[in-house]
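FYI, it's all coordinate maths here, none of it is from the lab. Everything numeric here is computed off the predicted structure, so don't read it as measured data. With ideal geometry, Cβ positions are generated from the backbone for all residues, glycine too; neighbour counts draw on all protein chains shown.
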Amino acid sequence: MSRFEKFSLAFLILIAAILWAAVDWNFFRDVWQSPLGPSMALTDVAPAPEASPTDLLSPIAPVFSTLQNAKQTPHVESAPLCGGPRLMTVLAIGSDTRASGYLYGLADVIRLVRVDFVTPRVTVLEFPRDLWVEIPEIAAHYGITHGKINQAYLYGNPGMGYYQGPGQGPGLLARTLDLNFGTRPDHYIAANMQTFVQLINVIGGIDVYLPYSVDARKADQPKRDDLYFEPGKHHLNGEQALMLARIREHSTFGRADQQNRVLCAAREALLNPYNLPKLPEIIDTFDKAVQTDLSPQQISQMACLAPQLKPGNIAFITFPRELLTEARTFDIGVNKDVYIFKADFNTLRLYVSAFNTGIWPDPNPTAAPAGTPRPPGEGGFSCP
């Protein structure tokens, strides 16, 4: 082979390598930025009308006024951290199924997570699962137009066959939130009980402090130690953490508090240097075990943000308890009377709007410090 031929061959190999690298980079870039699940496609939903001030109940009037002022007050912000957007909202769902997949299952946990990459700050709004709401796009099945909010997730998943729109169960639940509360999450993530238990076990359990006892034992269950948690510090494995998160001894509101304490403890354990070498195993726990339309890039951005969050900048809230009325109604989906929460949705919409804007909860509270014990179910919990 002549020198010219060798040079030509080497040049062609170099060009081929450059082209391969470009194609390979494009491939990995596409994978890195591609959603891991079907999109909710909420842009095809008609925008919800804003509530009128004349519809307000007195408790929300100050919030509405503050919200209007916040919309009109310009402010300068720093660049977002971790290469993320300025703001991302994620619909987080805990499915009550113990199966490995997501064919069925009610939404045992429904949280709207507002991630501020500028401050940084994370606020988490709970939607009580017993709220009685209008559920869109499934009336062709047994005439179902309303149900508990946790049923929207069940009706949307493939096992029921009721919903043919985008996003499966999370997609229908997101549409239900939009229809009733005027909020559109950017993304979703849902985990079943099996995945939750595995994750807690992989990180070596969690440490949870309870300022009050949690006791779900019945009179004929005096030896069910798994249903009793005394006040104080507990180291919990996956099954124990799941049990604490599901007990409703102090009502739905009390259970939300317990779930929030578990979530704070899980974050603390995930950031423990002891768990850093387990990162591949932790990621593997989630691989194909959750429903989400987040991309690997977006997950990486939130993982990058987590250690930069001050504990006081992680807040959990729920609607004021006095806005929710206990009632019973006939549920055509299950063909019986069920326990529900009724509410004035114009008022709840204003709270949701204040949450989305970032003024509820107060980003600069002067009340009790983070982690201050309160009676169960009063809301407003921050990670200690």
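Pairwise inverse Cα distances across segment 78-382, averaged and inverted, put the Kirkwood hydrodynamic radius at 20.1 Å. FRET efficiency for the pair L271 and E326, taken as 1/(1 + (r/R0)^6) with r the Cβ-Cβ distance and R0 = 51 Å, rounds to 0.85.
Distance between the C-alpha centres of segment 125-148 and segment 299-343: 15 Å, rounded to the whole angstrom. Extension gain, Q33-R248: 0.36 nm per intervening residue step, less the Cα-Cα distance, totals 73.5 nm.
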